[in-house]
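Trainee: Submitted below is the structure of interest, expressed as structure tokens.
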Amino acid sequence: NKIGVIFDLDGVIVDTAKYHFLAWKDLADHLGFEFTETHNELLKGVSRVRSLEILLDIGKVELSEEKKQEFLISKNEHYLQYIYKMGPEEILPGAAELLDTLDTLGIQYVLGSASKNAPLILKQVNLFDRFLGIVDGNSVSKAKPDPEVFLIGAEKLNLQPEHCVVFEDAIAGVEAANRANMISVGVGDKKTLHESNFNFNNLTEIPDNFFTEVISEKI
Ligand code: G16
Ligand code: MG
């Protein structure tokens, strides 16, 4: 029973949500309304365009298409200032060890992220070359919770969806994995991610026999 793994990026491999927050908050300040960390939760795993729409809803602000495009560009430029300062020390606990384990077991893995900056971020933390493939916000036409991003991931792994294990921190991502007929592993709060097939607070909690026994028994 050959299996493969698909990793989400933000919230699983690195925490870029804190940089998205700073850049979105700056835009909200500019537009004259409050944008909190609680609001920021709503943007996790959501595409850039959709994030702006949610932000504008929060501030009850209406903008022309032209203005929206302008702010999408300036937000991303601001966000990238933080990304360029990232290094391998920002890899989340357990992530590098998990990739080592998969290498040892001969299990292949790809990235399945909503971010259009995913290749750059992986390069910043020196993980780019380790992934068999990258499916990101540039490769999909439908954002999570649509399963497209993970189904393309399965193609890259050359595996049936049922043989793919998805690590996700966002509700939309868990839903996308479930809709793709994959095994979903929620990383983070169990109550929030209750739809996932398995759940861990972080990647250090994954038991040694997870791939060799737990997952293989499920498929
Ligand atoms: C990430 C973040 C989202 C962000 C999205 C798009 O998704 O969680 O908050 O809006 O990427 O990012 P960008 O503006 O870089 O294209 P993921 O799927 O890696 O968790
Ligand atoms: Mg995520």
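We did not get these values from a lab; they are worked out from the coordinates using the rules stated. Keep in mind the model is a prediction, meaning the values are calculated, not measured. When we count neighbours, we look across all protein chains shown, and the Cβ atoms used for this are built from the backbone with ideal geometry, even at glycine.
Trainee: Assign unit charges at the C-beta atoms only (+1 for Lys and Arg, -1 for Asp and Glu), then state the dipole size of the chain relative to its Cα centre in Debye, rounded to the nearest 20.
Mentor: Values: 21 positive and 35 negative charges, 75 e Å.
The dipole magnitude comes to about 360 debye.
Trainee: Taking the convex hull of the Cα atoms, report for the chain its projected area averaged over all directions, in nm². Mind dumping the intermediate values first?
Mentor: On the way: hull surface 45.7 nm².
Over all viewing directions, the chain projects a mean Cα-hull area of 11.4 nm².
Trainee: So what is the calculated 222 nm ellipticity per residue for the chain, using -39500 (n - 2.57) for each DSSP H run with n of 4 or more, over all residues, to the nearest 500 deg cm²/dmol?
Mentor: Rounded to the nearest 500, the figure is -12000 deg cm²/dmol.
Trainee: Go through the stretch 1-110 and name the chymotrypsin sites (Phe, Trp or Tyr not before Pro) that are in a DSSP coil and have 11 or fewer other Cβ atoms within 10 Å of their Cβ.
Mentor: Details: sites: PHE7, TYR19, PHE21, TRP24, PHE33, PHE35, PHE71, TYR79, TYR82, TYR84, TYR109; in loops: PHE33, PHE35, TYR84.
Taking the stretch 1-110 and a limit of 11 other Cβ atoms within 10 Å, the loop chymotrypsin sites (Phe, Trp or Tyr not before Pro) found are TYR84.
Trainee: Separate question: Could you check what % of the DSSP bridge pairs in the chain are antiparallel, to the nearest 5? Mind dumping the intermediate values first?
Mentor: Details: 1 of 18 bridges.
If I count the DSSP bridges inside the chain, around 5 percent turn out antiparallel.
Trainee: May I pose another question? Of the cross-linked pairs LYS44/LYS75; LYS116/LYS218; LYS85/LYS123, which ones have a Cα-Cα span greater than 23 Å in the structure shown?
Mentor: Working: LYS44/LYS75 16 Å; LYS116/LYS218 33 Å; LYS85/LYS123 12 Å.
The answer is LYS116/LYS218.
Trainee: Additional query: From the residues SER74, THR16, ILE3, which one has its Cα farthest along the dipole of the chain in the positive direction, the dipole being from +1 and -1 charges on Cβ of Lys/Arg and Asp/Glu about the Cα centre?
Mentor: My answer, from the dipole projection, is SER74.
Trainee: Need the list of aspartates and glutamates near LYS2 for cross-linking: C-alpha distance under 20 angstrom, and skip anything on the same chain fewer than eight residues off.
Mentor: LYS2 reaches ASP100, ASP103, GLU155, GLU162, ASP208, GLU213, GLU217.
Trainee: I've got another one for you. Could you tell me the extents of the stretch 46-122's C-alpha atoms along the three principal axes, largest first, rounded to whole Å?
Mentor: 52, 23, 19
Trainee: To continue, here is another question. Suppose a student asked you for the relative contact order of the stretch 81-173, using Cα pairs under 8 Å spaced at least 6 residues apart; what percent would you report? Write down the numbers at each step before the final one.
Mentor: Details: 94 pairs, mean separation 24.3, N = 93.
With pairs under 8 Å counted, the relative contact order is 26 percent.
Trainee: If I take R0 = 25 Å and measure r between the Cβ atoms of ASN138 and LYS67 in this structure, what FRET efficiency does the formula 1/(1 + (r/R0)^6) give, to the nearest 0.05? Don't jump to the answer; show the numbers that get you there.
Mentor: Details: r = 24 Å, r/R0 = 0.95.
FRET efficiency, ASN138 to LYS67: 0.60.
Trainee: Determine the distance separating the Cα centre of the stretch 142-166 from the Cα centre of the stretch 169-219; give it in Å without decimals.
Mentor: Here the answer is 14 Å between Cα centres.
Trainee: Kindly provide the GluC sites (Glu not before Pro) of the stretch 56-85 that DSSP labels as loop, not H, G, I, E or B, and whose Cβ sees at most 10 other Cβ atoms within 10 Å.
Mentor: On the way: sites: GLU62, GLU65, GLU66, GLU70, GLU77; in loops: GLU62.
Counting only loop positions with at most 10 other Cβ atoms within 10 Å, the GluC sites (Glu not before Pro) in the stretch 56-85 are GLU62.
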